[in-house]
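Engineer: The structure that follows is given in the form of structure tokens.
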Amino acid sequence: MSTAASVFRRRMLTGAAATAFVWIFVTDNVMSLQMIKGRSMQPALNPDSNRLKNDVVLVDKTIRGMMSSRLKRGDIVTFTSPQDPDCHLVKRIIALPHDCVVPLSSPDSYVRIPNGQCWVEGDESFHSSDSNTFGPIPIALIDARVIAPVWPLSRFGTRLPSLPEWKKPRIYPNGGPRMSE
């Protein structure tokens with residue numbers, strides 16, 4: 001009987017180890033949940049002004065590296081801050097490589113986005129530390145793309161709004177005509 005118990009224990013440990021390996025692989029490389037704090041992405045994320053309520057979102061981590069070409073204007077992404085590697089931010093991609101964007105701080109000029117970089121902004125620009133502060137960011141800093149909120153339950157699966165209309169006149173895709181034209 002002790003042999004059967006030992007075989008059972010060994011199978012349970014093997015199954016638990018395999019499950020843990022798959023779980024770690026998936027959450028590190030495929031999808032995971034992330035809590036969103038702060039007001040910079042209101043009203044898309046954390047629409048309630050109560051600071052005790054934070055959205056939890058499902059994020060797609062498969063867009064890193066060679067798959068970063070799947071990123072598009074309007075995507076909400078998480079990334080490592082270019083100013084503080086211990087800080088992770090959530091912003092919306094406004095412009096991609098070769099686009100031109102008019103910074104909020106200098107409406108009479110524009111910035112051409114270099115290859116391998118993008119321009120990110122919060123939807124609530126007055127409460128956001130973003131590319132208007134630190135300039136374009138390397139696409140390599142992007143960790144994941146936000147798919148949808150999963151918490152609170154009242155927002156579960158809610159479709160995230162697209163690029164706000166008021167931002168479009170500041171964007172010139174590939175240096176061409178404005179997005180709103």
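The values are calculated or read from the model by the stated rules, or taken from the named source; none is laboratory data. As the structure is a computational prediction, the values presented were derived from the model and not from experiment. All Cβ positions, glycine included, derive from the backbone under ideal geometry; neighbour counts span all protein chains shown. Each accessible area value is taken on the protein alone, full model and side chains, heavy atoms only, with ligands, DNA and RNA left out. Shrake-Rupley method; radii C 1.70, N 1.55, O 1.52, S 1.80 Å.
Engineer: Expressed in whole Å with the largest first, what are the equivalent ellipsoid semi-axes of the stretch 10-57 derived from the C-alpha gyration tensor as the square root of 5 times each eigenvalue?
Structural biologist: Equivalent-ellipsoid dimensions as semi-axes: 36, 11, 6 Å.
Engineer: Expressed as a rounded percentage, what relative contact order does the stretch 106-160 have, with Cα pairs under 8 Å and six or more residues apart?
Structural biologist: Value for the stretch 106-160: 24 percent.
Engineer: For the chain, calculate the relative contact order in percent as a whole number, restricting contacts to Cα pairs under 8 Å that are 6 or more residues apart.
Structural biologist: Value for the chain: 23 percent.
Engineer: Would you work out the charge dipole size for the chain about its Cα centre, treating the Cβ of every Lys and Arg as +1 and the Cβ of every Asp and Glu as -1, and quote it to the nearest 20 debye?
Structural biologist: Once rounded to the nearest 20, the dipole reads 620 debye.
Engineer: Let me ask another. Tally Lys and Arg at +1 and Asp and Glu at -1 over the other residues with C-beta under 15 Å from the C-beta of S81: what net charge comes out?
Structural biologist: -3
Engineer: Where a Cα-Cα gap under 21 Å defines reach, which lysines qualify for K72, not counting those fewer than 8 residues away within the same chain?
Structural biologist: Partners within reach: K61, K91, K167, K168.
Engineer: Stokes-Einstein diffusion coefficient for the stretch 51-181 at 20 °C in a medium of 1.002 mPa s, Rh from the Kirkwood formula over Cα pairs: what value in µm²/s?
Structural biologist: 140 µm²/s
Engineer: Next question. Given points 7 Å out from each Cα along the Cα-Cβ axis, report the Q83 to L160 separation in nanometres with one decimal.
Structural biologist: Calculated label separation equals 2.2 nm.
Engineer: For the stretch 95-176, with all protein chains present and a 1.4 Å probe, just round the carbon and sulfur fraction of the accessible area to a whole percent.
Structural biologist: 58 percent
Engineer: Still on this structure: Given a 1.4 Å probe, how much area per residue of the chain is accessible, in Å²?
Structural biologist: So the chain comes to 59 Å² accessible per residue, rounded to a whole number.
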